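Reading through the structure tokens given below for one structure.
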Amino acid sequence: MPLMSRPGLVSFALGLPASELFPTAALARAMAEVLEQDPRALQYEASLIALKTHIVQLMARRGVTCTTDQVFVSAGAQQGMNMLVRVLLDAGRNVLVEDRTYTGLLQVLQPFGARPVPVATDAATGIDPDAVEHALTRGVRPAFIYTMSDGHNPLGVSTPPATRARMVEIARRHRVPIVEDDAYGLLHYGEGEAKPPMRSLDDQWVYYVGSFSKVLAPGLRVGWVVVPPDLTTHLSIVKESTDINTATLAQRAIVRTLDSDLLATHLPRLRAAYRERRDTMVRAIAQHFPSETRVSRPPCGMFVWAELPERLDTTRLFVDAVETERVAFVPGAAFAVEGARPALHCMRLNFSNVAPDRIETGIERLGNAIRRALAG
Ligand SMILES: Cc1ncc(COP(=O)(O)O)c(C=O)c1O
């Protein structure tokens, strides 16, 4: 942290959305209105049916059919996963994860003594269903399989539709649920909507996790899970013992902004801004990184994953990059699950939280640090 507070540092490290793009005016209006209208906006309150109805509509945009009794509102996707882990996991059980995965999930598993069992994944093709099948047939009985179909953190990959279908078929046949973390699914940069998530193919074996963090603001702390209705009862018990209810004011303000169809204008604006940042980053990498670099051009989400020449150790590079070049990233090793192939020569770069001109500067600086490291 002391390193990261250097003046002039360009940070591609944290996975933050752009705060200058938050819909602050719309949220301020919505909060003022709900407070003026009804003091219960500050009361303890069960999850709002009006919010669940909006979530059902959002899910329909993702190609998912669900009902309000399958929706469980949580304090962000992170809490949604935490609740699911607590409901699905007997202490010490295995969880199948991609061998480069979201560190937040590993942090949830750790206190439960759960063992993440890595299966292969790839920045171009996503989770390897053969590896999943192999693990399951060789006798690993996981409590669930955790994967991100779109905007993978850290790889940026979106799983091809055929892989999604195969994963669902495997889950059904082996009777192992998939927890599909779709925190970034609404942030895609192609034409039309993103590919439908795995949950669109199965409502029994895929538990979906969603969030308003990336499309409205993470400070609201509102997300959701979509699960079979009997599971929502278990989740409610765990939720009540944890934090009673998801912040009432935030829930009501979100309903208000969604009633006024904010996302119809806000989402295209976000997508356009992030698409420009992604393209700037990918272009700058092509210009300033070694030509052997394998880099993703993510169709969704907030991260570019770069695989550099194998002799480069990005954990070592980090200190020089910050101290000498004033640029930060997350070394690949941070995302590699224990016991999996290492990711020492890789790095995750966040593009959503840095303005395009700063992206150019930062990538050029990082290219200098990489060249120096490779030269010896
Ligand atoms: C893959 C993934 N899942 C979940 C989360 C947590 O999101 P939330 O703010 O909704 O808790 C993040 C946050 O960065 C994330 O990258």
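This table checks each residue for (1) on the phi < 0 side of the Ramachandran plot; (2) in contact with a helix residue (DSSP H, G or I) (Cβ under 7 Å, 6 or more places away or on another chain); (3) free of Cβ contacts under 8 Å to residues at least 12 places away in the same chain.
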residue: R141; (1), (2), (3): yes, no, no
residue: N153; (1), (2), (3): yes, no, no
residue: G156; (1), (2), (3): no, no, no
residue: P161; (1), (2), (3): yes, no, no
residue: R173; (1), (2), (3): yes, no, yes
residue: E191; (1), (2), (3): yes, no, yes
residue: P197; (1), (2), (3): yes, no, no
residue: W205; (1), (2), (3): yes, yes, no
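I'd like to check something: does region 196-207 contain any residue that is near the ligand (Cβ under 10 Å from one of its atoms), over 16 Å from T163 (Cβ atoms) and either touching a Phe, Trp or Tyr at 6+ places or on another chain (Cβ under 7 Å) or open to solvent by 10 Å² or more (accessible area, probe 1.4 Å) (or both)?
Checking region 196-207: not a single residue is near the ligand (Cβ under 10 Å from one of its atoms), over 16 Å from T163 (Cβ atoms) and either touching a Phe, Trp or Tyr at 6+ places or on another chain (Cβ under 7 Å) or open to solvent by 10 Å² or more (accessible area, probe 1.4 Å) (or both).
Is at least one residue of region 44-65 in contact with a Phe, Trp or Tyr (Cβ under 6 Å, 6 or more places away or on another chain), of a type in the set (A, V, I, L, M, F, W, C) and closer than 19 Å to L235 by Cα?
There is at least one residue in region 44-65 that is in contact with a Phe, Trp or Tyr (Cβ under 6 Å, 6 or more places away or on another chain), of a type in the set (A, V, I, L, M, F, W, C) and closer than 19 Å to L235 by Cα.
Considering only region 225-247, state which residues are touching a helix residue (DSSP H, G or I) at 6+ places or on another chain (Cβ under 8 Å), farther than 16 Å from A77 by Cα, of a type outside the set (A, V, I, L, M) and open to solvent by less than 90 Å² (accessible area, probe 1.4 Å).
Result: P228, P229.
T101: in contact with a Lys or Arg (Cβ under 9 Å, 6 or more places away or on another chain), closer than 19 Å to A334 by Cβ and surrounded by 16 or more Cβ atoms within 10 Å (Cβ to Cβ), yes or no? Walk me through it before giving the result.
Working: in contact with a Lys or Arg (Cβ under 9 Å, 6 or more places away or on another chain): no; closer than 19 Å to A334 by Cβ: yes; surrounded by 16 or more Cβ atoms within 10 Å (Cβ to Cβ): yes.
For T101, the condition - in contact with a Lys or Arg (Cβ under 9 Å, 6 or more places away or on another chain), closer than 19 Å to A334 by Cβ and surrounded by 16 or more Cβ atoms within 10 Å (Cβ to Cβ) - is not met.
Within region 118-129, can one find any residue that is under 23 Å from L231 (Cα atoms) and crowded, with 17+ Cβ neighbours inside 10 Å?
no
Would you mention how many residues in region 266-284 are under 28 Å from R371 (Cα atoms) and surrounded by fewer than 16 Cβ atoms within 10 Å (Cβ to Cβ)?
Of the residues in that region, 3 qualify.
Select the helices (runs of 4 or more DSSP H) contained entirely in region 1-98, then report the ones holding at least 2 residues which are within 16 Å of the ligand (Cβ to nearest atom), open to solvent by less than 50 Å² (accessible area, probe 1.4 Å) and within 29 Å of D128 (Cβ to Cβ).
Result: 76-88.
Filtering region 362-372 down to residues that are surrounded by 18 or more Cβ atoms within 10 Å (Cβ to Cβ) and out of contact with any strand residue (DSSP E or B) (no Cβ under 6 Å at 6 or more places or on another chain), which residue is nearest to D320 (Cα to Cα)?
A369
Give just the number: which of (1) over 30 Å from T24 (Cα atoms); (2) among the hydrophobic types (A, V, I, L, M, F, W, C); (3) without any contact (Cβ under 8 Å) to a residue 40 or more places away in the chain does A250 not satisfy?
The one condition A250 does not meet is (1).
Name, by its number, the condition in (1) touching a residue at least 60 places away in the same chain (Cβ under 8 Å); (2) assigned to a helix (DSSP H, G or I); (3) open to solvent by 40 Å² or more (accessible area, probe 1.4 Å) that does not hold for N353.
Only one criterion in (1) touching a residue at least 60 places away in the same chain (Cβ under 8 Å); (2) assigned to a helix (DSSP H, G or I); (3) open to solvent by 40 Å² or more (accessible area, probe 1.4 Å) is unmet by N353, namely (2).
With the condition kept exactly as written, say whether any residue in region 137-147 is modelled with pLDDT of 95 or more, open to solvent by 10 Å² or more (accessible area, probe 1.4 Å) and either touching a strand residue (DSSP E or B) at 6+ places or on another chain (Cβ under 6 Å) or within 13 Å of the ligand (Cβ to nearest atom) (or both).
no
Of the conditions (1) touching a Leu at 6+ places or on another chain (Cβ under 7 Å); (2) within 16 Å of the ligand (Cβ to nearest atom); (3) open to solvent by less than 10 Å² (accessible area, probe 1.4 Å); (4) touching a residue at least 60 places away in the same chain (Cβ under 8 Å), K214 fails just one. Which one is it?
(3)
Looking at region 285-312 only, could you name the residues that are in a loop (DSSP other than H, G, I, E, B), more than 30 Å from V215 (Cβ to Cβ) and open to solvent by less than 50 Å² (accessible area, probe 1.4 Å)?
F289, P290, T293, L308, P309, L312
The values are calculated or read from the model by the stated rules, or taken from the named source; none is laboratory data. What you see is a predicted model, and the numbers here were worked out from it, not measured in a lab. Note that we place each Cβ from the backbone using ideal geometry, even for glycine, and neighbour counts take in every protein chain shown. For accessibility, only protein heavy atoms count, side chains too; no ligands or nucleic acids. Shrake-Rupley method; radii C 1.70, N 1.55, O 1.52, S 1.80 Å.
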